[in-house]
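Read through the structure below, which is laid out as structure tokens, and then see the notes.
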Amino acid sequence: MNYYEQLFKRKSFHFFVGGKPTDEEDLKSIREFIGEVTPLFPDIKTEIVLVKENETTCHRGADYCILFYSEPKGECLRNIGYMGEQIDLYLNSRGIGALWYGIGKPKATRVNGLEYVIMIAFKRMPANSFRKDMYKSKRKPLEEIWSGDDLGIANIVRFAPSACNTQPWYVENKEKELSIYRYKKPGKRGIMPVNKVMFYNKIDIGIFLFILEVCLKEKGISFDRQSLPDTDDSELEMSKVAVYAL
Ligand SMILES: Cc1cc2nc3c(=O)[nH]c(=O)nc-3n(C[C@H](O)[C@H](O)[C@H](O)COP(=O)(O)O)c2cc1C
């Protein structure tokens, strides 16, 4: 599976209208794929569980939901975003529509001592219902999310999905280093309660980092990632979350 190609066709299926039930073969391969997902922080324990949509509060017409549980430590939310985006893109590659569903809740809020974080709902969808022109999707202008040389990837990574389309990322490309920041100031964050914004935006950053890495690899740009703790409680507008030495 080529992650890069999936970036152009993925989209959020807010409602799974049409489509077909996901069959046993799909479920088997999804389970296998889940077992192979690469974490950003391997020392943070996680569990990924597949349940029927009706075992959750999600009522979007999906068949199944993938539930993410994590040990509540360090950058666990970033880790889940990074892992979950691999699954999101994998589902797309199989013609299965997906939705990161932040407001959903499962029956079990704890599994083996790990806490529930977020879910991804999915269902097999018609081939023509995937995104046809990524560049028509609503996003912040490039200059609001990237400074310095765009490396031929800035105009692709900016289409990463985020909760309520908040796009809480900023990249500074300077002196052979990419510095990645998370916006901390809530600003106009749509319908989300302010205390939830930070929670989701930390997941969004993990999603963004995964997509950034997919694009760097596609362009043959090697990198050395340094993850930084997102604990800066200063008044600064942005928190530096990672540095990629190119
Ligand atoms: C962490 C996260 C949580 C999300 N939660 C919800 C949600 O609760 N309900 C919903 O309809 N969409 C949700 N979304 C989907 C976003 O609204 C969507 O990704 C964004 O608007 C960009 O659109 P696109 O994914 O189609 O490119 C979520 C996305 C992310 C990344």
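The values are calculated or read from the model by the stated rules, or taken from the named source; none is laboratory data. Keep in mind that this is a model prediction, so the values were computed, not measured. Note that we place each Cβ from the backbone using ideal geometry, even for glycine, and neighbour counts take in every protein chain shown.
Annotations for the structure displayed:
- Candidates are the residues of the range 218-246 that are among the basic types (K, R) and in contact (Cβ under 8 Å) with a residue 40 or more places away in the chain; the one that is surrounded by the fewest Cβ atoms within 10 Å (Cβ to Cβ) is K219.
- Elements of type strands (runs of 3 or more DSSP E) contained in the range 91-183, each with 2 or more residues being aliphatic (A, V, I, L, M) and either within 13 Å of the ligand (Cβ to nearest atom) or assigned by TED's automatic domain parsing to the domain that holds E25 (or both): 96-101, 114-124
- Verdict on R60 being touching a Lys or Arg at 6+ places or on another chain (Cβ under 7 Å) and in a loop (DSSP other than H, G, I, E, B): no
- Of the residues making up the range 32-57, those that are among the hydrophobic types (A, V, I, L, M, F, W, C) and either assigned to a loop (DSSP other than H, G, I, E, B) or out of contact with any strand residue (DSSP E or B) (no Cβ under 9 Å at 6 or more places or on another chain) (or both) are F33, V37, L40, F41, I44.
- Restricting attention to the range 108-134, the residues that are small (G, A, S) and closer than 10 Å to A98 by Cα add up to 1.
- Residues of the range 13-43 that are within 14 Å of the ligand (Cβ to nearest atom) and crowded, with 17+ Cβ neighbours inside 10 Å: F13, F16.
- The set of residues in the range 48-95 being of a type in the set (A, V, I, L, M) and in contact (Cβ under 8 Å) with a residue 24 or more places away in the chain consists of I48, V49, V51, A62, I66, L67, L77, I80, M83, I87, L89, L91.
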